[in-house]
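Chemist: This is the structure, below, for whatever I ask next.
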Amino acid sequence: MIFTTLLAQVLRTKRALWITYSAIGLGFLLLYLAVYPSIQSQSANYDKIYASLPKGLMSALNITNSTPDLMGYLSSKHFGFIWLLIMALLVIAYSAFVIAKEIENKTMGFLLSQPISRLKLYVARYIGGIIGLGIFIGFSEVIVWPLAKLFNYAIDGPGVLWLGLAGLLFGLSIMSLGFMFSAMSSSAGRVSALTGAVLLIMYAAFIASSLVSSLDGLKYLSLFHYITPGDIVANSSIPLASVLVFGIFSLVTAIVGAVSFKRRQIQV
Amino acid sequence: MRIGLEYNSLMNLLEVNGLSKKFGSVEALHNVSFTIEAGHIFGFLGPNGAGKSTTIRTIMGFLHPSAGNVTIFGLDSIAHSVELKEKIGYVPAEPVLYQDWTVDEHIGFLANVRGGDIHAKANELKKLLELDGGKKVKQLSTGNQQKLAIVLALAIAPELLILDEPTRGLDPLLRSTFHKLLRQYKLDGGTVLLSSHDLSEVEDLCDKIVIIHNGKLIQDTTVTRLRSNHGHKIKAHFVDGTPDLTKLKDIDDLVTTPHTAVFTVRGSLQPVLEILAKHNVEDLEITSASLEDIFEEIYT
């Protein structure tokens, strides 16, 4: 009963966050869908431009050198960068809000003065994050399937679902990192800055490894290396290495966060 | 009930044993010890920064002691934090609740978490404290937010109430209503740890008090004993002229005029009264030291 109450509480209090980011994600998707017919008609010209770009840059920006179908186009233009960026911002904000912010503004004191175990509170908020992330992915990515049907565009349905699942794993990794920092801090700003900084470093490492061949090994240290929307959609599968990296990274950071939150002192 | 099995009425309900708390190099509490017996209202006094809130946060398990421990109902407050909170109602110094929730939503949340029907008691308290259940916290004044914190703490019918300056922000009428609630709660068998700056409140309500200063416990006593230790002020008017009182033991601050003597007696009044009885005393006024006087003396 306590767990359900805590889960319902976090979903209710953070619903504006999920709705706002889902609307932003959906807005971008509709924008790309609206220009898709004109992009499709000029695909030959785009392919010429892409052919002139360095392969490393194309890989770094998750751009494929053709626009074979709707999902290929969206993977290149939207799901490869903008969508991931919106998702990262969303889960960073959520993880900072549900622990560190509540300590900062002292509402955590109200919760901790009740017979609620810290571990239960942490897990309820983490599961609330997974549900919220699922809602975001549903409205900003999976929805492309019925929308494509509505506008009579050919679409690879399973590819949509596999990309949604990969996005969930990627988002979960960042959220877990945010939860780990949030469990250790009493400042939401510091949590956002730290998580953002780690992601920025990972992204810089990923770009550098794509552009400079001697830095190729750096890509393995970046979460961005393990999410390749174009390939996931084209192959309708997620590479095992990606599943393992996202899974292990999420598990380790989430557990470190849970232990820290259970043991830490809270000035409320 | 697990707590009921481990706790028996002969034990102190709350024991603070050699509690020390350091924040880096700053020692906020140093070897603080006191006990609270069941069925009493226990005053916890000290100036700002004395360590009252740190002690209370440690009792609540939010902070961990650097040394020493706290037991409540015979159980360690950190190891058994969750089960102990089933029995504890808490009002923090600055109650911070969810701004977008209504009063009733807070009560509903508590009912779900606690698993009991607290609505009847909560409604009674809301009516008594004139609190509108439909209002969001952000629409409430500081005083009304304080009322909500009091309603939430009392509605769960706790065995121990921990109150950190609970009447701050309440007007005198509501303060009086709250005092009545606390007295009734005590009559019903409840126990209270009351941290307060309001000395008259402590004087009116508390059976026993602890005074803390710079993180150290400096008094652990009853209000009556504290007053008695700090003396009685005597003003005597003599018909035949003021006798020589300078040889009286345990008196201070002696001021005399031809027919009047004013002085403070430390310790027992009996020897002084026996001496005074030998003279023709026209008027005699004996007053106990107020807590304000005692506080001033302790802290200066």
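The values are calculated or read from the model by the stated rules, or taken from the named source; none is laboratory data. Just so we're clear, the structure is a prediction, and the values are computed from it rather than from any experiment. Don't worry about glycine lacking a Cβ; one is built from the backbone with ideal geometry, like all the others, and counts go over all protein chains shown.
Chemist: Are any of the residues in the range B:48-71 in a strand (DSSP E or B), at pLDDT 95 or above and surrounded by 23 or more Cβ atoms within 10 Å (Cβ to Cβ)?
Modeler: First, the residues of the range B:48-71 that are in a strand (DSSP E or B): B:67-71.
From what's left, at pLDDT 95 or above: B:67-71.
If we keep only those that are surrounded by 23 or more Cβ atoms within 10 Å (Cβ to Cβ) as well, we get none.
No, the conditions are met nowhere in the range B:48-71.
Chemist: Sticking with this one: Among (1) within 14 Å of chain A (Cβ to nearest Cβ); (2) touching a Phe, Trp or Tyr at 6+ places or on another chain (Cβ under 9 Å), there is one condition B:Gly51 misses while meeting the rest; what is its number?
Modeler: If we test B:Gly51 against (1) within 14 Å of chain A (Cβ to nearest Cβ); (2) touching a Phe, Trp or Tyr at 6+ places or on another chain (Cβ under 9 Å), just (2) comes out false.
Chemist: Can we say B:Ala120 is among the aliphatic types (A, V, I, L, M), surrounded by fewer than 19 Cβ atoms within 10 Å (Cβ to Cβ) and outside any loop (DSSP other than H, G, I, E, B)?
Modeler: Considered against the rule, which asks whether it is among the aliphatic types (A, V, I, L, M), surrounded by fewer than 19 Cβ atoms within 10 Å (Cβ to Cβ) and outside any loop (DSSP other than H, G, I, E, B), B:Ala120 comes out as yes.
Chemist: For the range B:142-197, what are the residues that are closer than 21 Å to B:Gly116 by Cβ, in contact (Cβ under 8 Å) with a residue 24 or more places away in the chain and part of a loop (DSSP other than H, G, I, E, B)?
Modeler: B:Ile156, B:Ala157, B:Pro158, B:Glu159, B:Gly189, B:Gly190
Chemist: Which ones in the range A:207-223 are surrounded by fewer than 22 Cβ atoms within 10 Å (Cβ to Cβ) and in contact with a helix residue (DSSP H, G or I) (Cβ under 6 Å, 6 or more places away or on another chain)?
Modeler: A:Ile207, A:Ala208, A:Leu211, A:Leu215, A:Asp216, A:Leu218, A:Lys219, A:Leu221, A:Ser222
Chemist: Among the residues of the range B:199-231, how many are at pLDDT 90 or above, more than 12 Å from the chain's Cα centre (by Cα) and crowded, with 18+ Cβ neighbours inside 10 Å?
Modeler: So the answer is 2.
Chemist: So, one more: For the range B:276-300, give me each residue that is assigned to a helix (DSSP H, G or I), surrounded by 15 or more Cβ atoms within 10 Å (Cβ to Cβ) and within 21 Å of the chain's Cα centre (by Cα). Spell out how you get there, then give the answer.
Modeler: Keep residues of the range B:276-300 that are assigned to a helix (DSSP H, G or I), which gives B:276-277, B:291-299.
Still in the running and surrounded by 15 or more Cβ atoms within 10 Å (Cβ to Cβ): B:276, B:291, B:293-295, B:298.
Across the range B:276-300, the qualifying residues are B:Leu291, B:Asp293, B:Ile294, B:Phe295, B:Ile298.
Yes or no, residue by residue, for (1) of a type in the set (D, E, K, R); (2) within 17 Å of A:Leu111 (Cβ to Cβ):
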site	(1), (2)
B:Gly39	no, no
B:Gly61	no, yes
B:Val70	no, no
B:Asp76	yes, no
B:Val82	no, yes
B:Gly89	no, yes
B:Val96	no, yes
B:His119	no, no
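Chemist: Please determine, by comparing only the residues of the range A:1-59 that are within 14 Å of chain B (Cβ to nearest Cβ) and more than 22 Å from the chain's Cα centre (by Cα), which one is modelled with the lowest pLDDT.
Modeler: For the range A:1-59, the residue satisfying everything is A:Met1.
Chemist: Take the residues in the range A:121-170 that are under 17 Å from the mean Cα position of the chain (by Cα) and of a type in the set (Ser, Thr, Tyr), then tell me which one is nearest to A:Tyr36 (Cα to Cα).
Modeler: Ranking the candidates gives A:Ser140 first.
Chemist: Still on this structure, please answer the following. Name the pairs: first residue in the range B:241-268 and without any contact (Cβ under 8 Å) to a residue 40 or more places away in the chain, second residue among the aromatic types (Phe, Trp, Tyr), Cβ to Cβ under 6 Å, at least 6 apart or on different chains?
Modeler: Sorted first by the residue in the range B:241-268, then by its partner, the pairs are B:Ile251/B:Phe263; B:Asp253/B:Phe263; B:Leu254/B:Phe263; B:His259/B:Phe238.
Chemist: Can you work out which of the residues in the range B:14-46 that are within 15 Å of B:Val202 (Cβ to Cβ) and part of a loop (DSSP other than H, G, I, E, B) is modelled with the lowest pLDDT?
Modeler: Within the range B:14-46, the match that is modelled with the lowest pLDDT is B:Gly46.
Chemist: Taking the range B:104-131 only, how many residues are within 14 Å of chain A (Cβ to nearest Cβ) and of a type in the set (A, V, I, L, M, F, W, C)?
Modeler: Within the range B:104-131, residues that are within 14 Å of chain A (Cβ to nearest Cβ) and of a type in the set (A, V, I, L, M, F, W, C) number 6.
Chemist: Only one of (1) over 19 Å from B:Thr142 (Cβ atoms); (2) facing chain A (nearest Cβ under 7 Å) fails for B:Tyr90. Which number is that?
Modeler: Every listed condition holds for B:Tyr90 apart from (1).
Chemist: So which residues in the range B:59-87 are within 8 Å of another protein chain (Cβ to nearest Cβ) and farther than 26 Å from B:Gly215 by Cβ, if there are any at all?
Modeler: B:Val82, B:Glu83, B:Glu86
Chemist: Oh, and also: Within 14 Å of chain A (Cβ to nearest Cβ), surrounded by fewer than 20 Cβ atoms within 10 Å (Cβ to Cβ) and among the charged types (D, E, K, R) - does that describe any residue in the range B:171-190?
Modeler: No, the range B:171-190 contains no residue that is within 14 Å of chain A (Cβ to nearest Cβ), surrounded by fewer than 20 Cβ atoms within 10 Å (Cβ to Cβ) and among the charged types (D, E, K, R).
Chemist: Determine which member of the set A:Phe110, A:Phe181, A:Phe151 is more than 14 Å from chain B (Cβ to nearest Cβ) and modelled with pLDDT of 95 or more.
Modeler: Details: A:Phe110 fails: more than 14 Å from chain B (Cβ to nearest Cβ); A:Phe151 fails: modelled with pLDDT of 95 or more.
On inspection, the qualifying residue turns out to be A:Phe181.
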